[in-house]
Every structure is written in C-alpha cells, then in structure tokens.
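See structure below.
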Amino acid sequence: GRARGTAMGGLRLREHPSKGVWAEGATEYFVTSAAEAEAVCQRAMRNRATASTAMNRQSSRGHMIVTLAVTRIEVGGVTASREGSVVRTGTAMDEGRRRRGKLVLADLAGSETVKKTGAEGATLKEASAINRSLTTLGAVINAMSAGKPGQHVPFRDSKLTRLLQDCL
C-alpha cells in the first residue's frame, strides 16, 4: 500500500536496530505464495501517484519501493513451503530452523528536465524532489564505488537512500 503522509516531505522514516529503516504508515502484507506477492505488487502499482506532463501522459510522481521479506522454515530435515509442497533436505536439521532473506524492488521515478515537462505548482515541486533524490542516489553510488576507506557516504541526505541503505 501507499505510505501515508507522502505529500512533499511528509514521508516519515523510522529506524530500529534490528528491523532497520522503514516508512511510517507503509502497509505490510503477509503472503503465502508467489501469486499473492505478485498481487500485492500490482496493488502497489495501482496506488502509485501519477500526473500528466508535456513529456509523459502518466509520469510517476514518486518512487515506489516494495520489500519482500522471505522466511523458509525447516523442520526435521524437511522444508515446508507455504505453497503446500514439501522438499526433503537430505540432512536432519534443528526443528524450526528459519532462513530469512530480503529482496527490495525499487521502481524509481525518472529524472525530468523541468522546462521540457511544463510542470507547475505541486507537480513542479514533486519533479524537483524526484530529481534531488536521484542526484543523492548517484552521489551515494559514486562514494561507494570510489573505494576510499573512511569516505563519507551520504545515505542520510535523502529519504530514498536511507530506505535503500542496507541493500546498496
């Protein structure tokens, strides 16, 4: 779902030592199959804010980030899938062993040349915020790829890079 309070700068981030960074008000869904996960992603796409500009009839007005947290539970040498299939692992494992993974899908709004889009008012402010966050993302990637020990990486300069920090 769409995080509440996303109007210009209204997105509030929270951080917890074990949970990491998340958007306050973002919706969480528990799914048990790939089909259910796909349905949630489709729902998120329908909720995405768009506006018409001179360059694009349906220009995204913000970035969309979907995080898939996957947990596999292994019980007595058998891995039980939530889709009902059972796979033998070949070795006896501790009862209830959990393996976790995380996949982050980021659909970034495109950078726009404001003059060419003809954007005004709120759409102009949104385009400026999108461009700033993409510029910060570029700065983060450049700092990380420079490979200089102790070099500052500006994750906190943008809400986008804060949310993506643990997967960049």
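The values are calculated or read from the model by the stated rules, or taken from the named source; none is laboratory data. In this text the structure is predicted, and so the values were computed from the model without any measurement. When we count neighbours, we look across all protein chains shown, and the Cβ atoms used for this are built from the backbone with ideal geometry, even at glycine. With ligands, DNA and RNA removed, areas are computed over all heavy atoms of the protein, side chains included. Shrake-Rupley method; radii C 1.70, N 1.55, O 1.52, S 1.80 Å.
See the values below:
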| item | result |
| --- | --- |
| Search result, residues across segment 7-42 that are of a type in the set (Gly, Ala, Ser), open to solvent by 60 Å² or more (accessible area, probe 1.4 Å) and not in a helix (DSSP H, G or I) | ALA7, GLY9, SER18 |
| Where ARG46 falls short, out of the listed (1) at pLDDT below 75; (2) open to solvent by 80 Å² or more (accessible area, probe 1.4 Å) | (1) |
| Count of residues meeting criterion [under 25 Å from LEU124 (Cα atoms) and at pLDDT 90 or above] in segment 1-22 | 2 |
| Residue match in segment 110-128 (condition: at pLDDT 80 or above and under 30 Å from ALA34 (Cβ atoms)) | no |
| Among (1) more than 25 Å from ARG156 (Cα to Cα); (2) at pLDDT below 65, the one test that ARG61 misses | (1) |
| Positions within segment 142-162 being open to solvent by less than 40 Å² (accessible area, probe 1.4 Å) and either more than 23 Å from LYS19 (Cα to Cα) or assigned to a helix (DSSP H, G or I) (or both), in sequence order | ALA143, PHE155, LEU160, THR161, ARG162 |
| Test result for ALA139, in a helix (DSSP H, G or I) and either modelled with pLDDT under 90 or closer than 22 Å to TRP22 by Cα (or both) | yes |
| Filter result for ALA54 (out of contact with any strand residue (DSSP E or B) (no Cβ under 9 Å at 6 or more places or on another chain) and at pLDDT 85 or above) | no |
| Filter result (over 14 Å from THR67 (Cβ atoms) and touching a strand residue (DSSP E or B) at 6+ places or on another chain (Cβ under 8 Å)) within segment 148-168 | LYS159 |
